[in-house]
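See structure below.
The values are calculated or read from the model by the stated rules, or taken from the named source; none is laboratory data. Keep in mind that this is a model prediction, so the values were computed, not measured. Here the Cβ positions follow ideal geometry from the backbone for every residue, glycine too, while neighbour counts run over all protein chains shown.
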Amino acid sequence: MSSAVNEFHAQPSDIDQSVSSPERLSTGILELDEILDGGLIARRDYLVRGGPGLGKTTLGLHFLCAGHEGERALFIGFQESEAELRANAASVGIDTSNVNILSLAESDAFFTEAQAYDVFAASDVEQAPMVNQLVEAIDRIRPTRVFVDSLTQLRFVSADLGQFRKQVASFLRFLDGRGATVLFTSESTREVPDDDLQFIADGVIALAQGPSSSELRVTKFRGSGFQRGAHPFRVDDSGFHVYRRTLPPPQRVVETAAVQLRSGNAELDGMLEGGVEAGTVTLVTGPTGIGKSTLAGLFAVASARAGRPAAVYQFEEEMNGWLARLRTLGVDADSPVREGMLSLEQVEPLRYLAAEFTNNVSRRVREEGLELVVIDSVAGFELALGGEEDVKQPLHAFIKTLSRLGVTVILVNENHAAVGNLQVSEREISYVADNVIYLAYVQSGDALAKIIGIMKKRLSGFDTRQRAFEIGPGGIRINGLASELGISVGIGNTPSRRN
């Protein structure tokens, strides 16, 4: 073993690690702490791996700045000067004023003075001074949080691969022994893989570019459980943001089936035998322009007026236009908005990642007590996924999460059925719905009439008969039975009264 490696073993550990319950340290990123079941285990070593430009350094800076008062943090860098590191941190809103920085980056003297080693290997000349700087800084600062960016640089001052592995293992034990929790990065290529560093680390956080977004995966975490799978993330001018993949609670958290939410339209509520049960999912489906958004808005306004906070997420229509249309129909959505019982958000396409949007809504449910959520529409939700191919999985997980939290969900879905035919959804999502309300156009002489019906209702009986309806002052006016007016829409087999 080289003298440089021995240097890291010179002083024994002065930290008692015989604790009954492992201490956790925040990464500085709340969602990542949740993925890690509470954060990193203290006095262990964690590898952050991934390609260039994915945000490894930004993640490490969050970790260094997450310490409590009295904790000391040390950034050990091999590529950038201290001034560059602090400037880069400031550009993403991270204050490094309480972070110590040890930059081991080469100065321009190497080039201007044409430094080269004709007799001795670079490892023999450069290794010892670098180790001395590391030991001096660590013993002087006594950091509890250390970020090394990146350990791959030690390969270039090691005589061979075997020495590099010993050097890294010894260095990490040296830091652990002084009470530090260590995050370090690697630069893996096909020619120089980082498998050896993955074996040495107590945990591995892998960053990669997925098909539609950047993804974070925890692939190893000794001594703790963690949430597996890919979690989307983004790095912007406010730092590193990860959006935990939505997993529904294993069972219903809030029992609300005894409560019914009404639409405020007596005829529709009568067809539903009182309304839709709280905590259920209702699919409102029909062709363009028939009144799906208006119907969903009735449920939201009625919920707010009944003292149950509601939120409408509008993906397609301008929110001002949606409100103006309700006003012309005599539906007052403005009052509950002013009172804070009804919240409205216009979601621009591609603004959110899927997990980002669903996490935001779930957080509002927990923090603000939302009891009804309208998604208008499923097609808009699909656009908001930013190009993700399969809408069903994130949509299913999202609405199951809300439902098991006791939230009533209204999904607006547009189908492209021809006049006189009914197609519930081209996206094959009706299986997630507890209730299905369908709207359809039918030919009535030289005009088009509108039909409304209930296709499915899991928790109670319902009126299976189709009815004609119009939209005007007061919202939706449901008229007589379609059969009495000589109009109907083909829907295949007649549904049973219970499903």
Answer with yes or no whether Gly60 is part of a helix (DSSP H, G or I) and closer than 21 Å to Ile138 by Cβ. yes
Since Ile290 meets every condition but one in (1) closer than 16 Å to Gly475 by Cβ; (2) over 30 Å from the mean Cα position of the chain (by Cα); (3) modelled with pLDDT of 95 or more, which condition does it not meet? (3)
Of those in segment 242-279 that are under 25 Å from Thr464 (Cα atoms), at pLDDT below 85 and of a type in the set (A, V, I, L, M, F, W, C), the residue surrounded by the fewest Cβ atoms within 10 Å (Cβ to Cβ) is Ala258
Please work out which residue is modelled with the lowest pLDDT, limiting yourself to segment 328-338 and to residues that are over 15 Å from Ser263 (Cα atoms) and loosely packed, with under 12 Cβ neighbours inside 10 Å. Thr328
Regarding segment 447-458, can at least one residue be identified that is surrounded by fewer than 17 Cβ atoms within 10 Å (Cβ to Cβ), within 26 Å of Ala311 (Cβ to Cβ), at pLDDT 90 or above and not aromatic (Phe, Trp, Tyr)? yes
Lys400 passes all but one of (1) under 20 Å from Glu277 (Cα atoms); (2) part of a loop (DSSP other than H, G, I, E, B); which number fails? (2)
Quick check, is Arg228 under 13 Å from the mean Cα position of the chain (by Cα) and in a loop (DSSP other than H, G, I, E, B)? no
Counting only residues in segment 135-166 that are more than 21 Å from Lys220 (Cα to Cα) and of a type in the set (Val, Ile, Thr), the one surrounded by the most Cβ atoms within 10 Å (Cβ to Cβ) is identified as Val157
Within segment 68-100, of all residues that are farther than 18 Å from Gly28 by Cβ and hydrophobic (A, V, I, L, M, F, W, C), the one nearest to the chain's Cα centre (by Cα) is Ala87
Counting only strands (runs of 3 or more DSSP E) entirely within segment 276-395, those with at least 3 residues that are in contact (Cβ under 8 Å) with a residue 40 or more places away in the chain, in the same structural domain as Ala230 (by TED's automatic domain parsing) and closer than 19 Å to Ile429 by Cβ are none
Please return the ranges of helices (runs of 4 or more DSSP H) entirely within segment 104-223 where 2 or more residues are at pLDDT 90 or above. 122-141, 161-177, 195-200
Checked against (1) surrounded by 15 or more Cβ atoms within 10 Å (Cβ to Cβ); (2) within 19 Å of Thr57 (Cβ to Cβ); (3) touching a residue at least 24 places away in the same chain (Cβ under 8 Å), Asp236 satisfies every condition except (1)
Of the residues Glu23, Glu34, only one is surrounded by fewer than 22 Cβ atoms within 10 Å (Cβ to Cβ) and within 18 Å of the chain's Cα centre (by Cα); which? Glu34
Here is a list: Val259, Val218, Val301. Which entry is farther than 18 Å from Thr408 by Cα and β-branched (Val, Ile, Thr)? Val218
Ala169: assigned by TED's automatic domain parsing to the domain that holds Arg140 and surrounded by 15 or more Cβ atoms within 10 Å (Cβ to Cβ), yes or no? yes
Boolean, Val424 is in a loop (DSSP other than H, G, I, E, B), of a type outside the set (Lys, Arg), modelled with pLDDT under 90 and crowded, with 20+ Cβ neighbours inside 10 Å: yes
Would you confirm whether or not segment 23-44 contains a residue that is at pLDDT 80 or above, in a helix (DSSP H, G or I), in contact with a strand residue (DSSP E or B) (Cβ under 6 Å, 6 or more places away or on another chain) and within 23 Å of Glu136 (Cα to Cα)? no
